[in-house]
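Structure first, commentary second.
We did not get these values from a lab; they are worked out from the coordinates using the rules stated. Treat the numbers as computed from the prediction; the structure is a model and nothing was measured. We place every Cβ from the backbone using ideal geometry, glycine too, and count neighbours over all the protein chains shown.
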Amino acid sequence: MLLAYLDEIGQPGAFVHTSHRRFSDSPAFGYGGFFIPVDNARAFGARFAHLKRQLFAPEIPAGRDPNRWEKKGADLLFALAAEERPENLRVVGALISYLRELEGALFYFAAEKPIGTPKETDSGPAEFADRENTAMRESLNRLARAADSRNEPKFITLRS
């Protein structure tokens, strides 16, 4: 059985431009993450926790459980990360290599959003929800195909 971790890429709402005062978050929306055979999840989790405590020790508040502290992906991987925080890329690269050693893999689905305000693109809550549903459906489809290609059983649980 495969265990998967999914997270949002961007946000489903409108996008105009990175300099727009209201609609500047993300030109695309989707889900990405990784999957790993369930028997290898504990080893990967231990490595992840160790590297997290090591890399972010100065940022984790005193007295806070490091296992419950989160660093947002956008704060970890950003346009100038190679210049400003090269250690972030080294740690992510090491985790990806270890994931592959443990027979895991990365996956993602992201779709470009129409550019413009909700009024300009004739979109609103229903279209944003549809964008989320489509991205989740495509992400789950990719996970199911990966499980099929490995002859792994499928079991999916979602938490919102």
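Return the residues of segment 134-143 that are surrounded by 14 or more Cβ atoms within 10 Å (Cβ to Cβ) and either without any contact (Cβ under 8 Å) to a residue 60 or more places away in the chain or at positive phi (or both); say none if nothing qualifies.
At the first step, the residues of segment 134-143 found to be surrounded by 14 or more Cβ atoms within 10 Å (Cβ to Cβ) are 134-136, 138-140, 142-143.
The answer is Thr134, Leu140, Arg142.
How about segment 9-31: which of its residues are without any contact (Cβ under 8 Å) to a residue 24 or more places away in the chain and small (Gly, Ala, Ser)?
Ser19, Ser24
Which residues, taken from segment 47-79, are farther than 19 Å from Arg90 by Cα and charged (D, E, K, R)? Show your work before the answer.
Our first condition is that a residue be farther than 19 Å from Arg90 by Cα; within segment 47-79, this holds for 60-69.
Within segment 47-79, Arg64, Asp65, Arg68 qualify.
Residues being over 25 Å from Arg22 (Cα atoms) and part of a loop (DSSP other than H, G, I, E, B): count how many of those fall in segment 115-159.
So the count comes out to 10.
Residues in segment 84-96: is at least one basic (Lys, Arg) and surrounded by 15 or more Cβ atoms within 10 Å (Cβ to Cβ)? First the steps, then the outcome.
The initial filter retains those residues of segment 84-96 that are basic (Lys, Arg), namely 85, 90.
If we keep only those that are surrounded by 15 or more Cβ atoms within 10 Å (Cβ to Cβ) too, we end up with 85.
Yes - at least one qualifying residue is present in segment 84-96.
Could you please tell me which pairs satisfy a Cβ distance under 7 Å, a separation of 6+ or placement on different chains, a first residue in segment 44-72 that is in contact (Cβ under 8 Å) with a residue 60 or more places away in the chain, and a second residue that is small (Gly, Ala, Ser)?
Phe44/Gly104
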